[in-house]
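Below is one structure, written out as structure tokens, with a few remarks after it.
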Amino acid sequence: MSIAIREFVVNRPDYGQTKWVERRAEVEDGQVLVEIEKFALTANNITYAVAGDMLNYWSFFPAEDGWGKIPVWGFARVVQSKCKGIPEGERIYGYLPMATHLVMQPEKITKESFLDLYKQRRELHPVYNSYTRIKGIRPHDDLEPVLRPLYTTSFLIDDWLDDNNFFGAKQILILSASSKTGLGLAYGLHKRRPAGPRVVGLTSPSNKRFVENLGYYDHTVAYGDIATLDSGVPTTVIDFAGDGNVLAAVHRHFGDNILESTTVGLSHKDAPRPPADLPGAKPRFFFAPDQMKKRTEEWGRDGFDRKLLESWNAYAEASGSWIKVEHGTGEDAIAKVYADMLAGRINPAEGHLFSFK
């Protein structure tokens, strides 16, 4: 028997254009149908759209030609199972589309997790195809989809920087300092002080006070005040904004004292890309799964999971003092916050969690 699924899709050339579509799906032998319980929508999901073709994000949940489904992180519950080992009623956490339901094909099943190897997802990166089997309600259940995927990236960047001795830099300059991944990185770097490098945040004037009050940054400046920074300090730049003009201004200010320049996100989606002839280290893109693979090989999967969980739990406790999770229900609420996010109208102290009922 087929089931109707409602899905939020965006126009890939112009992802400000959106619509809800309905399709029918069948559950075959070896598969399960999950009902999506709740998911978070953050600036990270906008990065998935911006980098959809470059990093293959559109391929996880394909849509009709010219349209795409932006992946999100959240919880779902198995409502129909034709897969031995995955019972109906089980709750899972992982990578999902903005949709009411999803057909999955669990394989490599353990007590803690499984891989979804449904058709086209079979050849994609296992980091995004791995799902956690949830026992009961987790300690930070609402914060997990809002912050944990972002914090996982923050944790990996922090570890990658330390693994490379911060590229010899005396300070780490974080662009889009109020972004949630930027905040997670600043938190991790702050925990390394005083032995670690100084942490400097670059943000909009409207978010400067919020960033300063967190206590994660040693110094915070607005985008227009780059020239006030000491250009003689050896610096590593971590760019979560993706604004070519800002990055160019930073490179031209510090010149050859930029020892590493890494772009992680694209929160300023309409900004121009940076020119190719910037002084200092050539900007490159950070792909979190590469560092995860390296550490999993070195520490073992259990070792990696344990270190990440310990760090996540500490950060979740700390972030509870500044973040407020807003709950939205239904298609209109999802579409509105998505539009606000594209327009940059989201308060950095808010997290947005959605359900369909």
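Brief remarks on what is shown
- When the P(r) of segment 83-165 is calculated, the portion above 15 Å amounts to 66% of the C-alpha pairs.
- Cross-link partners of Lys307 among lysines, defined as those whose alpha carbon lies under 17 angstrom from its own and excluding same-chain residues fewer than eight positions apart: Lys191, Lys293, Lys294.
- Screening the chain for whole DSSP H helices with an alpha carbon extent of at least 24 angstrom along the helix axis and a mean Kyte-Doolittle hydropathy of at least 0.0 yields 143-163.
- Computed on the Cα trace of segment 160-297, the radius of gyration divided by the Kirkwood hydrodynamic radius gives Rg/Rh = 0.94.
- The GNM of the chain, with springs linking C-alpha atoms under 10 angstrom apart, assigns the highest mean-square fluctuation among Lys293, Lys180, Lys108 to Lys108.
- Residue-wise HN-Hα coupling along segment 347-357, computed from phi with Karplus coefficients 6.51, -1.76, 1.60 (Hz; x: Gly, Pro): 5, x, 8, 10, x, 10, 10, 10, 9, 9, 7
- For segment 82-97, 3J(HN,Hα) per residue [Karplus equation, 6.51 cos²θ - 1.76 cosθ + 1.60, θ = phi - 60°, Hz, x = Gly/Pro]: 10, 10, 5, x, 10, x, 5, x, 5, 9, 10, 10, x, 8, 9, x
- When the chain is treated as a GNM with alpha-carbon contacts under 10 Å, the residue of Asp239, Asp163, Asp116 showing the greatest mean-square fluctuation is Asp163.
- By accessible area, using a 1.4 Å probe on protein heavy atoms only, the chain has 48% of its surface on carbon and sulfur.
- Compactness relative to 2.2 N^0.38 Å, alpha carbon Rg of segment 137-229: 1.11
- Pairwise Cα inverse-distance average, inverted: Kirkwood Rh of the chain (Å): 21.1
- Hydrodynamic radius by Kirkwood, which averages 1/r over all alpha carbon pairs of segment 1-43, in angstrom: 12.9
- Partner aspartates and glutamates for Lys208 [C-alpha distance under 12 Å; skip if fewer than 8 residues away on the same chain]: Asp225
- Note on segment 100-144: Cα Rg divided by 2.2 N^0.38 Å, N the number of residues, gives 1.29.
- Calculated P(r) tail over 26 Å for segment 31-170, as whole % of Cα pairs: 27
- Placing unit charges on the Cβ atoms of the charged side chains and taking the dipole of the chain about its Cα centre, the candidate lying farthest along the positive direction among Tyr93, Pro197, Ala25 is Tyr93.
- Within the chain, DSSP assigns beta bridges of which about 60% are antiparallel (rounded to the nearest 5).
- Note on the chain: with a GNM built from Cα contacts shorter than 10 Å, the maximum mean-square fluctuation among Arg295, Arg306, Arg148 falls on Arg306.
- Computed about the Cα centre, the dipole magnitude for the chain is approximately 340 debye when only Lys and Arg (+1) and Asp and Glu (-1) carry charge, each at its Cβ.
- Alpha carbon Rg of segment 268-357, scaled by the compact-globule rule 2.2 N^0.38 Å: 1.55
The values are calculated or read from the model by the stated rules, or taken from the named source; none is laboratory data. Small disclaimer: the values here were computed from a predicted structure and weren't measured. Virtual Cβ from ideal backbone geometry, glycine too; neighbours counted across all protein chains shown. What goes into the accessible areas is simple: the full protein's heavy atoms, side chains included, and nothing from ligands, DNA or RNA. Shrake-Rupley method; radii C 1.70, N 1.55, O 1.52, S 1.80 Å.
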